[in-house]
Amino acid sequence: MRKKILAANWKMNLTHTEAEAYFVTFLSEIGQVNDLEVVIIPPFTAISALVTASEKIPAIRIGAQNMHWEKSGAFTGEVSAAMLRAHYVKYVLVGHSERRMMFGETDEIVNRKVGAALHAGLRPILCLGETLQERDGGRVEEVLRRQLGKGLEGLAPRDLPEIVIAYEPCWAIGTGRSATPAEAEQSHALIRAILSELFGKPTADRVRIQYGGSVRPENAEDLMRQKNIDGALVGGASLDPRSFARIIWRTEAALT
Ligand code: PGA
């Protein structure tokens, strides 16, 4: 059984004091979380505050939105995997479409980051997905094959269960237009089939694949009921602690 994983990608939002206030409300809303893993992914500046606040809550992990692949050096403005580990960070987003589109991250860079994260003991959440143009051009499979093939190049099957894949079609991110559960499931099944070709079926069956792109409390349950959808990466709707808590409840409802 793959444990479902819900992650809140705050992007460039909330100061560390706002994060602390969020967390107080969030904790009072969610109650006991047993069968899910919840990851909060704030900006770097709020990581330390949230790690302290979540210390005693085993279901909640803290993640980072980015890292550099080198261990240290003259890379102004960057943060290494070891620096994140030193803050007890467990997960790191790699290759989010905003980083690919706005900051020039290529599949090669993404691959280096995945390798460096694993090497340092972090779990990468590898984000991928097609643009609207690629979908309209019938190129979804080609894009996913390339992003998975290159993004995971050089990894061994034993590395794979440490990795989470986040399928985020670019046209669904921040647009309010989520993929339908059927559309998402189709891509997730395809991703699992490609992973199976690359690493073998037993390994592919263990990898968790999150869906991301306009996930809200209203659509979460139907998405989470799909066979190959193992969680969600939530942007906008995760900025309100009550709405992220409702997404957690809807996911718990989907487990029954
Ligand atoms: P969204 O963002 O939920 O606001 O669409 C998802 C993401 O970018 O991870």
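Tell me, in nm to one decimal, what length is gained between Trp249 and Asp222 on full extension, where the rule is 0.36 nm per residue of separation less the Cα-Cα distance? Walk me through the numbers before you get to the answer.
On the way: separation 27, 0.36 × 27 = 9.72 nm, distance 1.25 nm.
Net length gain for the segment: 8.5 nm.
Which parts of the stretch 197-219 would a label at Lys90 reach, counting a residue when its backbone N lies under 15 Å from a point 7 Å out along Cα-to-Cβ?
Inside the label zone: 208.
Among Ala120, Phe244, Ile47, whose Cα sits farthest toward the positive end of the charge dipole of the chain (+1 at Cβ of Lys/Arg, -1 at Cβ of Asp/Glu, about the Cα centre)?
Comparing the listed Cα positions along the dipole, Ala120 ranks first.
Give me the net charge of Ser97's neighbourhood, meaning all other residues with Cβ under 10 Å from the Cβ of Ser97; Lys, Arg count +1, Asp, Glu -1.
Computed value for this residue: -2.
Just to confirm a number: summing +1 for Lys and Arg and -1 for Asp and Glu over residues other than Tyr22 whose beta-carbon lies under 11 angstrom from that of Tyr22, what do you get?
Net local charge, Tyr22 excluded: -3.
Assign unit charges at the C-beta atoms only (+1 for Lys and Arg, -1 for Asp and Glu), then state the dipole size of the chain relative to its Cα centre in Debye, rounded to the nearest 20. Provide the component values of the computation, followed by the final result.
Working: 31 positive and 31 negative charges, 95 e Å.
The dipole of the chain has a size of about 460 debye.
Pairs Lys56/Lys90; Lys11/Lys71; Lys71/Lys201; Lys3/Lys90: which are spaced more than 22 Å apart, C-alpha to C-alpha?
Details: Lys56/Lys90 15 Å; Lys11/Lys71 24 Å; Lys71/Lys201 33 Å; Lys3/Lys90 16 Å.
With Cα atoms farther than 22 Å apart: Lys11/Lys71; Lys71/Lys201.
Run the quick spin-label model on Arg242 and Lys56: label points 7 Å from Cα toward the beta carbon, then report their separation in nm to one decimal.
Rounded to a tenth, the inter-label distance reads 2.7 nm.
Give the residue list of GluC sites (Glu not before Pro) in the stretch 3-90 that are DSSP loop and have at most 15 other beta-carbon atoms within 10 angstrom.
Those satisfying the criteria are Glu55, Glu70, Glu78.
Between Ala193 and His119, what's the calculated FRET efficiency when r is the beta-carbon distance and R0 is 45 Å? Round to 0.05. Don't jump to the answer; show the numbers that get you there.
Details: r = 28 Å, r/R0 = 0.62.
Computed FRET efficiency for Ala193 and His119 comes out at 0.95.
Remind me, relative contact order of the chain in percent, using alpha carbon pairs under 8 angstrom and six or more residues apart?
It rounds to 21 percent for the chain.
Scan around Val207 for amide H atoms under 5 Å from its own, H built in the peptide plane at 1.01 Å from N, and keep only partners 5 or more places away or cross-chain.
Residues meeting the criterion, in which the H sits 1.01 Å from N, do not exist here.
Sequence neighbours fewer than 8 away in the same chain don't count; with that in mind, list the aspartates and glutamates whose C-alpha is under 18 Å from Lys113.
Within the straight-line limit of under 18 Å, Lys113 reaches these aspartates and glutamates: Glu70, Glu78, Glu98, Glu105, Glu153, Asp159, Glu162.
Ranking His96, His188 by Cβ neighbours within 10 Å, fewest first, what do you get?
Lowest count first: His188, His96.
For the stretch 1-98, max minus min Cα coordinate along each principal axis, in Å, sorted largest first?
Taking max minus min along each principal axis of the Cα atoms, the stretch 1-98 gives 44, 36, 26 Å.
Rule-based calculations on the coordinates, nothing more; no lab input. Remember, predicted model here, so these are calculated numbers, not experimental data. Neighbour counts are summed over all protein chains in view; Cβ atoms, including those assigned to glycine, are modelled from backbone coordinates with ideal geometry.
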